[in-house]
Amino acid sequence: TATWFQNHVFRFGVRLRGVKLTDVSRNNFGGTFNFAGGLAPVLDANNNIVTENGQPVLANITSLDRFRRTVLLQQQGFTPAQVTVRGGGPTQFTLAGGNPEADVSQIDFGGFFQDEWRLRPNLSVTLGLRYEKQSNIDSKFNFGPRIFFAWAPGGTSTGQLGQFGAGQPAFVVRGGFGIFYDRFNESNTLAADRFNGVNQQRFNIINPAITGESIFSFDGSVTNVPTLDTLNGLDAPQVINRVDDNLQSPYTMISAINVEKQLPYNITAFALVVSIRQRNNLIFRDINAPLPGTPLQRPDPTLGNVFQWESAGFFNMTQFQVGMRTQINPALTIFANYFTAKTESNTDCVFNIQGGCFPSNSYDINADLGRIPFIPRHNFFLGGTLGIPKLKIALNPFIIMRSGNFFNITRGDDPNGDRIFAERPAFASSSTLPENLRQTPYGDFDIRPAAGATIIPRNYGEGPSFFSVNLGISRSIGFGDLP
């Protein structure tokens, strides 16, 4: 029995955390106008609409073009209706108001037990279980099992017990699997309490009869801005935040296998494969978005946008990494790492990042299958340490190279009427009209795709690669006598 206990290290712990947040925010109490690009009538030198066979000639204009057209037409005395029919006027107006103060309380609990077990000198296994629970969401069964191992085939030890993976065996294999839960941030609950339609009002207006009365100038000033009382008097639909009653905590399943080998000339090389699978990722979906094909018809016409936090997203990543390190002499160390990763998800809300969670289509979140913007395809790092004893300094040169980050390509308009400008173009085809064709370094796109066209994936664009050469210089200065 004594020997059995000597081969185990038990760890356990609990965490109970509480937060109470009182927040005062007057964000957007002054209102925001949005100008979007899209089709607009072609105007002649007198700002009259150019027609052909009795129909207006249309052309695509940018959001900046629409703003410029609005200011010029207003300065020339055109009425709001005339400005609108000529392709001017703001696309939408947003305004918040009411009680600027909101508060939220949240408690979360976590407890774990872990057994680090040395089965043999060259084989260690760690078993663990963690449980998570928090208030403000109804997510109960958040059990996170973990298992890890370290095996040194042909070796004598995997390292010190209680320090899993430590030591320098000539050849070691490490691996494991674990489930890890994320909290639902209290700021999301706070926003849902704030924008519940009662505590603080928020409006998203696209009616030209309301937005067209405002007067714009090129210096950015705006007069005759709609007020909160005006919008309340018009019974304009509000924008509301909610949290789904069935929201579950996002969790991550991580599997990894690592092989490390000591080679001649004091070189240690390693290879690592990691699989990350996240489920219950957050989606901030408009559950009252206009019905497909009817940009003005909502399931509940008495409400505007109703953005609801839901746990309907997912994320998959497979990463492969290789590297080496060597200490050529006591003064010179060199190390290098390279990794490549493949990712796929239907949301950018990954790794508990709770931003970029709006789907482009609230009725088909899997239409947003694509890559993650901040995980590049290739990443290489080369560095080292060079000590110069005579000068008592250390040089730390390193080189970073990586491929470009991915980014989303959007159309710049809102064809489905959900007030989220996240729609993407389609790949151009033989049926693409010339005025809808956009030729870019990333491909040819159709910005007005017909039904059935193939929409480009989310984060389809890839930015420029990155290369950096750096040198750090350090020197240690001692004071007094060492004991």
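The values are calculated or read from the model by the stated rules, or taken from the named source; none is laboratory data. What you see is a predicted model, and the numbers here were worked out from it, not measured in a lab. Neighbour counts are summed over all protein chains in view; Cβ atoms, including those assigned to glycine, are modelled from backbone coordinates with ideal geometry. Just the protein is used for accessible areas: all its heavy atoms, side chains included, with ligands, DNA and RNA removed. Shrake-Rupley method; radii C 1.70, N 1.55, O 1.52, S 1.80 Å.
Could you go through the stretch 426-438 and let me know if any residue there is part of a strand (DSSP E or B) and modelled with pLDDT of 95 or more.
Looking through the stretch 426-438, at least one residue is part of a strand (DSSP E or B) and modelled with pLDDT of 95 or more.
Quick test for you: out of N405, N396, N470, pick the one residue that is over 26 Å from F67 (Cβ atoms) and either of a type in the set (K, R) or within 24 Å of the chain's Cα centre (by Cα) (or both). Steps first, please.
Values: N396 fails: either of a type in the set (K, R) or within 24 Å of the chain's Cα centre (by Cα) (or both); N470 fails: either of a type in the set (K, R) or within 24 Å of the chain's Cα centre (by Cα) (or both).
Residue meeting the stated conditions: N405.
Show me the helices (runs of 4 or more DSSP H) entirely contained within the stretch 148-245 in which 1 or more residues are modelled with pLDDT under 95, loosely packed, with under 15 Cβ neighbours inside 10 Å and not hydrophobic (A, V, I, L, M, F, W, C).
186-194, 228-233
Which residue out of F12, F67 is among the aromatic types (F, W, Y), touching a residue at least 24 places away in the same chain (Cβ under 8 Å) and open to solvent by 60 Å² or more (accessible area, probe 1.4 Å)?
Values: F67 fails: open to solvent by 60 Å² or more (accessible area, probe 1.4 Å).
Result of the check over F12, F67: F12.
This table checks each residue for (1) open to solvent by 70 Å² or more (accessible area, probe 1.4 Å); (2) closer than 25 Å to A36 by Cβ; (3) not charged (D, E, K, R).
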site	(1), (2), (3)
C357	no, yes, yes
G387	no, no, yes
K390	yes, no, no
I399	no, no, yes
R402	yes, no, no
I409	no, yes, yes
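Looking at (1) closer than 30 Å to P330 by Cα; (2) touching a Leu at 6+ places or on another chain (Cβ under 9 Å), find the lone condition where L272 falls short.
Status for L272: all satisfied but (2).
May I ask you to list pairs of residues, at least six apart or on different chains, whose Cβ atoms are under 8 Å apart, with the first in the stretch 386-401 being assigned to a loop (DSSP other than H, G, I, E, B) and the second being open to solvent by 50 Å² or more (accessible area, probe 1.4 Å)?
Sorted first by the residue in the stretch 386-401, then by its partner, the pairs are L391/R475; K392/R475; K392/S476.
What number goes with the only condition from (1) surrounded by 16 or more Cβ atoms within 10 Å (Cβ to Cβ); (2) over 24 Å from L228 (Cα atoms); (3) not hydroxyl-bearing (S, T, Y) that F35 does not pass?
Of everything listed in (1) surrounded by 16 or more Cβ atoms within 10 Å (Cβ to Cβ); (2) over 24 Å from L228 (Cα atoms); (3) not hydroxyl-bearing (S, T, Y), F35 misses just condition (2).
Return the total of residues in the stretch 439-483 being among the small types (G, A, S), part of a loop (DSSP other than H, G, I, E, B) and either farther than 30 Å from L391 by Cα or open to solvent by less than 100 Å² (accessible area, probe 1.4 Å) (or both).
8
Suppose we keep only residues that are among the hydrophobic types (A, V, I, L, M, F, W, C) and more than 30 Å from D138 (Cα to Cα) within the stretch 246-258. Which one would you say is least open to solvent (accessible area, probe 1.4 Å)?
If we take residues in the stretch 246-258 being among the hydrophobic types (A, V, I, L, M, F, W, C) and more than 30 Å from D138 (Cα to Cα), then A256 is least open to solvent (accessible area, probe 1.4 Å).
Of all residues in the stretch 285-302, which are in contact with an Asp or Glu (Cβ under 9 Å, 6 or more places away or on another chain), over 15 Å from N204 (Cα atoms) and modelled with pLDDT under 90?
Correct list: P292 only.
Quickly run through the stretch 319-345 and pick out the residues that are closer than 30 Å to Q308 by Cβ and in contact (Cβ under 8 Å) with a residue 60 or more places away in the chain.
S345
Collect the residues in the stretch 362-385 that are open to solvent by 70 Å² or more (accessible area, probe 1.4 Å) and in contact (Cβ under 8 Å) with a residue 24 or more places away in the chain, keeping them in residue-number order.
Within the stretch 362-385, Y363, F374, R377, H378 qualify.
What are the residues in the stretch 311-347 that are part of a loop (DSSP other than H, G, I, E, B) and open to solvent by less than 30 Å² (accessible area, probe 1.4 Å), if any?
Restricting attention to the stretch 311-347, the residues satisfying the condition of being part of a loop (DSSP other than H, G, I, E, B) are 330-331, 346-347.
Scanning the stretch 311-347 gives N346, T347.
Give me the residue from the stretch 246-258 that is assigned to a loop (DSSP other than H, G, I, E, B) and of a type outside the set (S, T, Y) and, out of that set, farthest from L332 (Cα to Cα).
N246
Kindly evaluate D414 against the criterion of being open to solvent by less than 40 Å² (accessible area, probe 1.4 Å) and either within 18 Å of A59 (Cα to Cα) or part of a strand (DSSP E or B) (or both).
Taking the combined requirement at face value, the residue satisfies it.
Look through the stretch 259-302, keep the residues that are hydrophobic (A, V, I, L, M, F, W, C), in contact with a Ser or Thr (Cβ under 8 Å, 6 or more places away or on another chain) and not in a loop (DSSP other than H, G, I, E, B), and return whichever of them is surrounded by the most Cβ atoms within 10 Å (Cβ to Cβ).
L282
Residues checked against (1) among the β-branched types (V, I, T); (2) open to solvent by less than 60 Å² (accessible area, probe 1.4 Å); (3) on the phi < 0 side of the Ramachandran plot; (4) without any contact (Cβ under 8 Å) to a residue 40 or more places away in the chain:
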residue: Q82; (1), (2), (3), (4): no, no, yes, yes
residue: G98; (1), (2), (3), (4): no, yes, no, no
residue: A102; (1), (2), (3), (4): no, yes, yes, no
residue: F112; (1), (2), (3), (4): no, no, yes, no
residue: I137; (1), (2), (3), (4): yes, yes, yes, no
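Among the residues of the stretch 443-465, are any acidic (D, E), closer than 27 Å to P290 by Cα and touching a strand residue (DSSP E or B) at 6+ places or on another chain (Cβ under 6 Å)?
yes
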